[in-house]
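Undergrad: This is the structure I want to talk about, given as structure tokens.
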């Protein structure tokens with residue numbers, strides 16, 4: 001069974017989706033082997049997603065464990081309307097938000113209203129290697145929600161509508177978060193480049 | 001969230017530009033895909049933005065975490081699950097052991113009554129089976145679900161157990177379900193361990209429990 005390619009892209013169709021759902025139903029009947037299979041399949045993507053959101057290594061394992069605990073206890077509640085992966089990442093998102101709020105309010109809500117409206121010009125076009133080098137620093141400057149949208153879109157390959165399901169918000173909110181995330185990333189990348197010179 | 005939600009019913013350029021990230025990740029479909037593709041053909045700014053977003057996606061994918069061995073964290077999680085299982089099992093039936101017997105007997109009586117009525121009403125015709133037909137034998141279990149269980153949860157438990165409901169609910173909230181005899185024992189144990197299930201008893205007298 002897939003459960004995802006190395007980049008974790010969300011496209012999963014037909015039989016593979018059915019197989020994943022069957023696995024979840026076995027977990028609903030407390031089948032530990034099924035749980036272990038799901039854990040091994042999802043751990044790399046969940047770890048990357050959570051690390052991308054919280055940017056605090058110490059919290060990643062805690063949130064991942066909490067997420068999989070919820071998967072174990074709530075597998076029976078996953079209705080077949082949404083993809084299994086969407087359901088699991090929605091749990092991970094909620095657990096990450098709870099954990100950040102628990103830990104000294106390190107959850108940084110969207111600061112969309114405070115982003116400068118001046119769009120950086122075309123001179124911020126960084127070469128691929130430069131972008132690669134500074135991306136981590138720039139991502140740290142985004143809000144938690146903006147980072148989640150970036151991770152879910154570019155790393156995990158989710159559609160806008162699916163991201164709305166995962167983050168439990170309207171589709172327009174996802175587009176708004178992405179819009180400001182892109183703008184802020186450009187600004188931060190330009191600043192990072194200037195500092196590096 | 002503190003931010004304003006932008007509405008995107010503005011110009012075609014605005015709408016197309018907002019959708020570019022999902023063109024890049026290949027999830028755009030139908031009208032939105034057509035709109036973006038058509039606009040891109042004539043908008044240099046969006047073409048540049050698209051190139052930048054493709055670089056961003058490549059950089060995001062490259063920003064990988066070092067690989068790790070999942071077995072240690074999995075072992076830790078299993079211990080945590082074991083502890084949680086002991087703490088969280090619903091205990092209502094265990095505190096009233098007689099209730100299980102009452103429910104089982106009630107369900108058995110109702111099932112026998114139902115079978116007798118069915119037998120009375122059935123026309124006296126012989127049953128024929130094709131040579132290739134196989135008779136799948138089944139066993140009946142009495143199950144009591146937690147009153148808080150959802151219909152979806154119940155349906156999923158049935159599907160996972162390859163079970164179907166024969167009768168219920170009784171006044172005491174019990175259901176009689178039929179499961180393939182070949183793995184009746186496994187199903188019974190799995191249901192007993194499942195959250196939302198308070199009681200599982202076998203209706204067969206030679207169950208051995």
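Undergrad: Rounded to the nearest 0.05, what FRET efficiency do residue B:45 and residue A:79 have when you use their Cβ-Cβ distance and R0 = 35 Å? Please report the intermediate quantities before stating the final value.
TA: Values: r = 42 Å, r/R0 = 1.21.
So the FRET efficiency works out to roughly 0.25.
Undergrad: Moving on to the next point. Arrange the following residues from fewest to most other Cβ atoms within 10 Å of their Cβ: B:81, B:20.
TA: If I rank by nearby Cβ atoms, fewest first, I get B:81, B:20.
Undergrad: Still on this structure: Which order results if A:85, B:150, B:11, B:178 are arranged by neighbouring Cβ count within 10 Å, fewest first? Could you put the intermediate results ahead of the total?
TA: Numbers: A:85 24, B:150 13, B:11 10, B:178 17.
Sorted ascending by nearby Cβ count, the order is B:11, B:150, B:178, A:85.
Undergrad: Sticking with this structure for a sec: What list do you get for A:169, A:160 if you sort them by fewest beta carbons within 10 Å? Mind dumping the intermediate values first?
TA: On the way: A:169 17, A:160 22.
In increasing order of surrounding Cβ atoms, one gets A:169, A:160.
Undergrad: Set the Förster radius R0 to 25 Å, insert the Cβ-Cβ distance between residue A:130 and residue B:15 as r into 1/(1 + (r/R0)^6), and round the FRET efficiency to 0.05.
TA: Values: r = 30 Å, r/R0 = 1.22.
E(calc), rounded to 0.05, equals 0.25.
Undergrad: Just need the relative contact order of the range A:126-197 here, percent rounded to a whole number, with Cα pairs under 8 Å and 6+ apart.
TA: 41
Undergrad: What is the Cα coordinate range of the range B:27-74 on the first, second and third principal axes, sorted by size from largest, in whole angstrom?
TA: 53, 23, 8 Å, listed from the longest principal axis down.
Undergrad: Let me understand the range A:131-190 better: what is its radius of gyration from the alpha carbons, and its Dmax, in angstrom?
TA: Expressed in Å, the Cα Rg and Dmax of the range A:131-190 come to 11.3, 33.
Undergrad: Give, in nm to one decimal, the length gained when the segment between residue B:72 and residue B:146 is fully stretched (0.36 nm per residue of separation minus the Cα-Cα distance). It would help to have the intermediate numbers written out before the result.
TA: Working: separation 74, 0.36 × 74 = 26.64 nm, distance 3.44 nm.
Residue separation times 0.36 nm, minus the Cα-Cα distance, leaves 23.2 nm.
Undergrad: Can you give the FRET efficiency to the nearest 0.05 for residue B:186 and residue A:56, using r as the Cβ-Cβ distance and R₀ = 45 Å?
TA: Values: r = 42 Å, r/R0 = 0.94.
That gives a FRET efficiency of 0.60.
FYI, it's all coordinate maths here, none of it is from the lab. None of the values given here were measured: they were computed from a predicted structure. Neighbour counts run over all protein chains shown; Cβ positions are idealised from the backbone, glycine included.
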